[in-house]
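Here is the structure we will look at, set down as structure tokens.
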Amino acid sequence: MRRKDGQKKVQGIRSKAVFDCGFRELNPSFKNADRSNAHSVVSMFSGCGGLDLGLLGGFNYKGTYFDVNPFRIEAAYDNLNDAVQAYKLNIGDEILETDLSTVDTKQLNPASVLVGGFPCQDFSSSGPKSGLNGKRGQLYLAMRDYLLDHRPKVFLGENVPYLLKLDKGRHIKKIIGDFEQCGYKVKFWELNCPDFGLSQSRKRVIIIGVRNDIAGFPVRPRGDYEKNFLPIEYAIDDLIEVTDETVVNQSQYFVATKATSGGGQGDHSNVRGNLGYCIRANSRGRIQFHYQLDRRLTVRECARLQSFPDEFVFPFSTQRNLTLIGNAVPPIVGHAIAKSLARFLSGEQIDHDSVMPVIQEVLEV
């Protein structure tokens, strides 16, 4: 199809990335970190490993080093083969391709910490909004069962902010209630990711639980950029002249014609000086154009906006890579959460006043 302005249509590149190895092999501080005395972690719904990378630390993003955290991944689980392969390439071999809706959690590794970004599609404002009635809306129960079987010291779940509003808070009330019945004090943090240096508009809900016999609670992390966000060009401006694989995944992008009418598909152009639009797993549902170039964002630009280091390789074709990136937890946000958990577990920084009647708080949102 020809462009309406008569100009030649720009061609996208959808081939696979060019690489020899992934993040884990390219970063000695990550690969060689001594984690023998670290807190053990089991990771559910791990995706390509954004949250796990944040927990582990030992990576660079935009010239800032995010130091190694005292955590060790004992086992990770995801049911998407692409995610498992990307995780193995970049983070470690601890991940298994597993359908957590069918697994007996008694057979899983015990750990001090349980984390899980349980699927958000049924809780998203842009999804079916079926909540706990949807097939994926019940998957948090794998985390509940693990809590009952293995009694980790703390757990965290990650999801979208609309979970708090869906059906006037009744779904989050049910989820928190189920976790509380396992013997945990539970509350949530609604985190604005740009506060932590992310150059895209993104909010996430973090559900935190502490076993009832452990005093206090982790302190809610605070970002350094609450009043001074970093705009989209901070993350990707240096990639404007890069058109090949000298920065891995930079040559991969889609071409799409901007919409002139209809349902708003294809009309989202980023603006220099502003935050980027939220990176989503379905790149056809939220089409983002570059703020300067006549094309959509590349795979690497989307990965930058999610705060993945450039050595983190996405080894598949364009759409498959964008799905992995959009589903991920930004590593720098995961790192801030990890710092809070580590300080709590070490007894260094404990919030003794933070446990509140959270169910009533939710219903008043």
**Request:** Identify the residues of region 46-79 with backbone N under 18 Å of a label point that sits 7 angstrom from the Cα of residue 29 along the Cα-to-Cβ direction, or state none.
**Result:** 52-72
**Request:** Give me D for region 179-260 in µm² s⁻¹, whole number, from Stokes-Einstein with Rh from the Kirkwood sum over alpha-carbon pairs, 10 °C and 1.306 mPa s.
**Result:** 95 µm²/s
**Request:** Would you mind computing, in nm to one decimal, how far apart the modelled labels at residue 190 and residue 226 are, each placed 7 Å from Cα along Cα→Cβ?
**Result:** 1.5 nm
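Once you've got the Cα coordinates, tell me which of 185/339; 62/227; 153/203; 106/174; 153/187 are over 18 Å apart. Don't skip to the end; give the middle numbers.
Details: 185/339 20 Å; 62/227 20 Å; 153/203 26 Å; 106/174 23 Å; 153/187 15 Å.
Listed pairs above 18 Å: 185/339; 62/227; 153/203; 106/174.
Below 12 angstrom from the Cβ of residue 330, what's the summed charge of the other residues (Lys, Arg +1; Asp, Glu -1)? Could the numbers behind the result be given before it?
Details: positive: 202, 203, 204, 304; negative: 158, 195.
So the surrounding residues net to +2.
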**Fill in**
When the charge dipole of region 300-343 is computed with +1 on Lys and Arg Cβ and -1 on Asp and Glu Cβ about the Cα centre, the Cα farthest towards its positive end, among 325, 308, 336, belongs to 336
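Throughout, read-outs are computed from the coordinates displayed, never taken from laboratory work. As the structure is a computational prediction, the values presented were derived from the model and not from experiment. When we count neighbours, we look across all protein chains shown, and the Cβ atoms used for this are built from the backbone with ideal geometry, even at glycine.
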